[in-house]
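Read through the structure below, which is laid out as structure tokens, and then see the notes.
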Amino acid sequence: MANLSIIIFISLISLLPILTRSFSPENPTDRRILVLLDDWSLKSSHSIFFQSLQTRGFELDFKLAEDPDITLQRYGQYLYDALVLFCPTADRIGRNIDLAAVMEFVDSGHDLIVAADSNASDFIRNIAAESGVDFDEDPSAMVIDHTSYSVSETVGDHTLIASDDFIHSDVLLGSSKIEAPVLFKGIGHSLNPASSLVLKVLSASSSSYSANPNSKLLTPPSLAGSAISLISVVQARNNARIMISGSLDMFSNRLFRSGVQKAGCTDKYGKSGNEQFVTELSKWVFHERGHLKAVNVRHHKVGETNEPAIYRITDDLEYAVEIYEWSGRKWEPYVANDVQVQFYMMSPYVLKTLSTDKKGLYYTAFKVPDVYGVFQFKVEYRRLGYTSLSLSKQIPVRPFRHNEYDRFITTAFPYYGASFSTMAGFFIFSMLYLYTK
């Protein structure tokens, strides 16, 4: 029994370095990433992408998807902050990691990159479907474009696409414009209309379609035009992030270094936009950008500094909160003009846009409504590409006490006059009735 206790203690001690480097509210960037491969050759053929992660401070643990010793958690603690699936043909991971285990990993707030290709297994397709993305049901289909292909592939099936239809979002793709088109060769997917959390980051052109490049097209394709998404991302309600790519080749050294010229364009680029695109998007996926936190939420009466336990109707109050964005290295002030606070009871009685000093502080002042009850200060902030903020603070509001009303109310002067005139009239009437004949 003593030996068993010692073994457990040593095992827990061995986990401490892992847990201390993992995702935390003060350092939200993922640190330990499990990379699962179909073949060890992918480690060298996609080395530029992996090296870019390592130079940014990530610890990569490479394993084959079929390795029976793979485990995501131990003693109830996850060993990794993120998962990269470069194993499109895998039917499962290891001995006991199935679809449910992968989605539980995401539901626990961890991040995921999935890269598929024309050989994508049902396991990979089901992960995508659970994330709100549907790959083409035809297992032999690839995205084909006879007008937006890469000129280097003029002799062939036009499956190497040069796409520059990016999402317009600095938080997702960085502030530096991606000049060169991105080379893509793989399968397309569509977004599930029932999911509001999925975004197309790289779209196919209006002339593209999904079909088997080795057979004649006899029926209209199920996916065509700009409805085809090449790269999509998901930000879950728990702020976990997912990137889904229909091409494993787009991460490869070959396409990173390849020159590109889009058909119909005279512009030639010595290097494709793949490396910049994938690097910038991976920064978002791994919370190096677009991660917000709110601190120092406070409220008080105007002219005071202490937070009261209760407000009175018509009190003047001030509300403030500090919001910061993680830059990958440190917390920096978040600057926006669309942060709002609600003073809420069943429905918002007050809705105010917060002012900012551009140093992270957001503030406003308003008068408590003339309604008593239990209210909440609520901030529900959701913006494209940023982690959502949900702040709530409950506070009761009471009516005036009996001794807090004004002694004489100006609007009641007519009633005061009516009362005194009635008394005076009664006195005069009584005197006349008693002393006159």
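Restrict the check to region 123-143 and report whether at least one residue is small (Gly, Ala, Ser) and farther than 30 Å from GLU288 by Cβ.
Yes: one or more hits.
When you go through LEU197, LEU160, LEU202 one by one, which is the residue that is within 21 Å of ALA236 (Cα to Cα) and open to solvent by less than 30 Å² (accessible area, probe 1.4 Å)?
Just a single option satisfies the conditions, and that option is LEU202.
So for region 125-139 (the condition being open to solvent by less than 60 Å² (accessible area, probe 1.4 Å), in a loop (DSSP other than H, G, I, E, B) and hydroxyl-bearing (Ser, Thr, Tyr)), does at least one residue qualify?
There is at least one residue in region 125-139 that is open to solvent by less than 60 Å² (accessible area, probe 1.4 Å), in a loop (DSSP other than H, G, I, E, B) and hydroxyl-bearing (Ser, Thr, Tyr).
Among the strands (runs of 3 or more DSSP E) confined wholly to region 340-437, which include 2 or more residues that are free of Cβ contacts under 8 Å to residues at least 60 places away in the same chain and of a type in the set (Ser, Thr, Tyr)?
347-353, 361-367, 389-398
Pick out the one residue from ILE7, ILE70, ILE48, ILE13 that is out of contact with any Pro (no Cβ under 9 Å at 6 or more places or on another chain) and modelled with pLDDT of 95 or more.
Going through ILE7, ILE70, ILE48, ILE13 in turn, just one is out of contact with any Pro (no Cβ under 9 Å at 6 or more places or on another chain) and modelled with pLDDT of 95 or more: ILE48.
Determine, yes or no, whether SER252 is touching a Phe, Trp or Tyr at 6+ places or on another chain (Cβ under 6 Å), touching a residue at least 12 places away in the same chain (Cβ under 8 Å) and under 19 Å from LEU281 (Cα atoms).
Answer is no for this residue.
From (1) in contact (Cβ under 8 Å) with a residue 60 or more places away in the chain; (2) hydrophobic (A, V, I, L, M, F, W, C); (3) under 23 Å from ILE33 (Cβ atoms); (4) out of contact with any strand residue (DSSP E or B) (no Cβ under 9 Å at 6 or more places or on another chain), pick out the condition that doesn't hold for ALA116.
All conditions pass for ALA116, except number (4).
Based on this model, can you work out whether SER195 counts as closer than 29 Å to ASP81 by Cα, assigned to a loop (DSSP other than H, G, I, E, B) and among the polar types (S, T, N, Q)?
Yes, satisfied.
Scan region 317-338 for residues that are of a type in the set (Phe, Trp, Tyr) and either modelled with pLDDT under 90 or under 20 Å from the mean Cα position of the chain (by Cα) (or both) and jot them down.
Matches in region 317-338: TYR324, TRP326, TRP331, TYR334.
Starting from residues that are within 18 Å of the chain's Cα centre (by Cα) and among the basic types (Lys, Arg), keep the ones in region 270-316 and report whichever is surrounded by the most Cβ atoms within 10 Å (Cβ to Cβ).
The selected residue is ARG289.
Would a scan of region 225-247 turn up a residue that is open to solvent by 50 Å² or more (accessible area, probe 1.4 Å), out of contact with any Leu (no Cβ under 7 Å at 6 or more places or on another chain), free of Cβ contacts under 8 Å to residues at least 40 places away in the same chain and outside any loop (DSSP other than H, G, I, E, B)?
Yes, because at least one residue in region 225-247 is open to solvent by 50 Å² or more (accessible area, probe 1.4 Å), out of contact with any Leu (no Cβ under 7 Å at 6 or more places or on another chain), free of Cβ contacts under 8 Å to residues at least 40 places away in the same chain and outside any loop (DSSP other than H, G, I, E, B).
I'd like to verify a number: residues in region 403-437 that are of a type in the set (Asp, Glu) and open to solvent by less than 100 Å² (accessible area, probe 1.4 Å), how many? Reasoning before the result, please.
First pass over region 403-437, keeping only residues of a type in the set (Asp, Glu): 404, 406.
This time we only want the ones that are open to solvent by less than 100 Å² (accessible area, probe 1.4 Å), so: 404.
Residues in region 403-437 being of a type in the set (Asp, Glu) and open to solvent by less than 100 Å² (accessible area, probe 1.4 Å): 1 in total.
Give the residues of region 73-113 that are touching a residue at least 60 places away in the same chain (Cβ under 8 Å), open to solvent by 10 Å² or more (accessible area, probe 1.4 Å) and assigned to a helix (DSSP H, G or I), sorted by residue number.
Answer for region 73-113, where residues must be touching a residue at least 60 places away in the same chain (Cβ under 8 Å), open to solvent by 10 Å² or more (accessible area, probe 1.4 Å) and assigned to a helix (DSSP H, G or I): just ASP107.
I'm trying to understand the selection: among the residues of region 248-271, which are within 16 Å of ILE113 (Cβ to Cβ), assigned to a loop (DSSP other than H, G, I, E, B) and not polar (S, T, N, Q)?
Answer for region 248-271, where residues must be within 16 Å of ILE113 (Cβ to Cβ), assigned to a loop (DSSP other than H, G, I, E, B) and not polar (S, T, N, Q): just LEU248.
The values are calculated or read from the model by the stated rules, or taken from the named source; none is laboratory data. A quick note: this is a predicted structure, and the numbers were derived from the prediction, not measured. Please note: Cβ atoms are built from the backbone with ideal geometry, for glycine as well, and neighbour counts cover all protein chains shown. SASA here: full protein model, heavy atoms, side chains in, ligands and nucleic acids out. Shrake-Rupley method; radii C 1.70, N 1.55, O 1.52, S 1.80 Å.
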